[in-house]
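Quick notes on the structure that follows.
The values are calculated or read from the model by the stated rules, or taken from the named source; none is laboratory data. What you see is a predicted model; the values in this text were computed from it and never measured. Glycine also receives a Cβ, built like all others from the backbone with ideal geometry; neighbour counts cover every protein chain displayed.
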Amino acid sequence: MKHLVSAFLFACVVMLSLGHANAQKLSDAAVASITALLPYLPGEAAVKDSLLSSPLMQAARSKKDAGTARAKVIDSGAAEFTLRSTSQHRRDVAAGTRLRESIVSIERPVRFWGKRSIDADLATQTQAFADIEYADAMHEGARELMRFWFAYLRALADQKNAVTTFDLAAKMQHLTQVQLKHGEISQLDSELANAEFERNAAARALADAQLASSASAFTRRYIGMALPTQLPKGFSIDASGSLPTLNEPMAVMRQEFLIKNHELNMMRVDAQRLRLAADRALRDRLPDPTLGVFSGRERAGAETISGVMFSMPFPGASRFHHATALVADAQVASDKVQLAEQQLGAMFDSMWIQFQHKRKAADSLKSAAQRQSLAAEKSVKAYTLGEGSLSDVLWIARMASDNLNAAERMQLEVVELLALIHLDLHQIWDFDE
């Protein structure tokens, strides 16, 4: 019954994570892959809270607010009302009188030639760019957190391996000291065991320092997030479980990646924004007219006048050249979008291929580490029974330690690569707002 409850709770966590990741239904292969991946990752709620409270996202939020304000400026237009007031004195020499006169007018440029609708579209694209830029900052923050997380896990794996080899070296040192007292081994073998112990003590000290450094780098950057003190249960090379898989076709995943990629979407929106700006500049070759009304008092109020004003500048060559430049800028942006699609597509293909091959390498290294660890155990037992040489035992133990460390590091590389793929597909840690 306890196993059923645990399985149910774990399934609920998975489904909540997937439901928050994106609204569309994931394939069974993606669900299985993410389910196997979750034990290696920190909790989603803790990640979100840490990112939202970070200075990075606070700056991104302010930048988004600035983009929203700029969008409103574009939509409302830069034209302003102008109030003019003129006061003058008229001197009638014949009559010998001085008369006070005044004129008051109010005027404002008016967007003609379809410019208002283009400005509305331009404001929409500016707002979209600000929204995507904020989402991209959140996504890149999540990627950076994941890199720091796996850097800590690698340091934890190295430290665990260093402790294991240190304990074995301590055991061999103690054994050789006993054998030396009974005259069963030479002084040279005892010195070899002492040297191996000291070498492993130094390696452990370095591993402890690296682990402390990685932990400090993570906790100082992501305040409030707890770090594990042990690797996931299924991580051990003695575990029967296998690493997560990635069974969906590369072409399908690449297409989804290109659709959801924030960097590419920002470039697409920016290209559309520049096209609208170019269209706006083409319309701007016809200047906007200025309309107004005025009222005046002449001859001390004996006469009053009122009317409307209309003015329009004659366009110069600079308007044409400005529009031409913006059209070229829009074409450059469109070309860069195509280039970015090719580069990002190639990058995703590389990630997908690396995952498949590194996963096979991880399985091979895991098998080699298992065999080498078994050989190391047998060599120690044989040496205890008086068979074999100490140098062979130490060499086999060192090989077992190196193979174990290589296997664990490769497993972490595979898991990190898979996590980054699912993150870039917005299937985990999708905190876009």
Practice problem: List the number of the failed condition for residue 332; all other conditions in (1) within 21 Å of residue 247 (Cβ to Cβ); (2) assigned to a helix (DSSP H, G or I); (3) of a type outside the set (D, E, K, R); (4) out of contact with any Pro (no Cβ under 6 Å at 6 or more places or on another chain) hold. | Solution: (1)
Quiz item: Got a number for residues in segment 110-130 being within 28 Å of residue 62 (Cβ to Cβ), in contact with a Lys or Arg (Cβ under 6 Å, 6 or more places away or on another chain) and surrounded by fewer than 18 Cβ atoms within 10 Å (Cβ to Cβ)?
Solution: 0
Practice problem: Considering (1) touching a Phe, Trp or Tyr at 6+ places or on another chain (Cβ under 9 Å); (2) under 28 Å from residue 144 (Cβ atoms), say which one residue 361 fails and leave the rest. | Solution: (1)
Quiz prompt | Every pair of residues 6+ apart whose Cβ atoms lie under 9 Å, when the first sits in segment 49-65 and is charged (D, E, K, R) while the second is not in a helix (DSSP H, G or I) | solution = 49/224; 49/225
Quiz item: What number of residues within segment 342-371 satisfy the criterion of being touching a residue at least 60 places away in the same chain (Cβ under 8 Å) and either crowded, with 17+ Cβ neighbours inside 10 Å or closer than 30 Å to residue 252 by Cα (or both)?
Solution: 15
Practice problem: Identify all residues within segment 49-61 that are surrounded by 11 or more Cβ atoms within 10 Å (Cβ to Cβ) and of a type outside the set (A, V, I, L, M, F, W, C); write none if there are none. | Solution: 49, 50, 53, 54, 58, 61
Quiz item: Given the residues 45, 60, 69, which is the only one that is in contact with a helix residue (DSSP H, G or I) (Cβ under 6 Å, 6 or more places away or on another chain), modelled with pLDDT of 85 or more and part of a helix (DSSP H, G or I)?
Solution: 60
Quiz prompt | Only one of 426, 422 that is touching a helix residue (DSSP H, G or I) at 6+ places or on another chain (Cβ under 9 Å), on the phi > 0 side of the Ramachandran plot and either surrounded by 15 or more Cβ atoms within 10 Å (Cβ to Cβ) or in contact (Cβ under 8 Å) with a residue 12 or more places away in the chain (or both) | solution = 426
Quiz item: When only residues in segment 399-419 that are in contact with a helix residue (DSSP H, G or I) (Cβ under 8 Å, 6 or more places away or on another chain) and not aliphatic (A, V, I, L, M) count, which is surrounded by the most Cβ atoms within 10 Å (Cβ to Cβ)?
Solution: 411
Self-check item: Residue satisfying condition, being surrounded by 12 or more Cβ atoms within 10 Å (Cβ to Cβ) and assigned to a helix (DSSP H, G or I), within set 107, 133
Solution: 133
Quiz item: When the residues of segment 388-416 are filtered to those that are polar (S, T, N, Q) and assigned to a helix (DSSP H, G or I), which remaining residue is nearest to residue 32 (Cα to Cα)?
Solution: 411
Quiz item: Which residues, counting only those in segment 388-405, are among the aliphatic types (A, V, I, L, M) and at pLDDT below 80?
Solution: 390
Practice problem: Being touching a residue at least 24 places away in the same chain (Cβ under 8 Å) and assigned to a helix (DSSP H, G or I) is the filter; apply it to segment 311-323 and report the residue that is nearest to residue 81 (Cα to Cα). | Solution: 319
Quiz item: How many residues are crowded, with 16+ Cβ neighbours inside 10 Å and either among the aromatic types (Phe, Trp, Tyr) or within 42 Å of the chain's Cα centre (by Cα) (or both) when one looks only at segment 372-398?
Solution: 5
Practice problem: Go over the candidates 326, 339, 374 one by one and state the one that is assigned to a helix (DSSP H, G or I), out of contact with any Pro (no Cβ under 7 Å at 6 or more places or on another chain), more than 30 Å from residue 424 (Cβ to Cβ) and without any contact (Cβ under 8 Å) to a residue 12 or more places away in the chain. | Solution: 374
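Every residue, every condition in (1) free of Cβ contacts under 8 Å to residues at least 40 places away in the same chain; (2) closer than 30 Å to residue 430 by Cβ; (3) surrounded by 13 or more Cβ atoms within 10 Å (Cβ to Cβ); (4) in contact with an Asp or Glu (Cβ under 6 Å, 6 or more places away or on another chain), yes or no:
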residue	(1), (2), (3), (4)
243	no, yes, yes, no
249	yes, yes, no, no
256	no, yes, yes, no
269	no, yes, yes, no
272	no, yes, yes, no
291	no, no, yes, no
294	no, no, yes, no
309	no, no, yes, yes
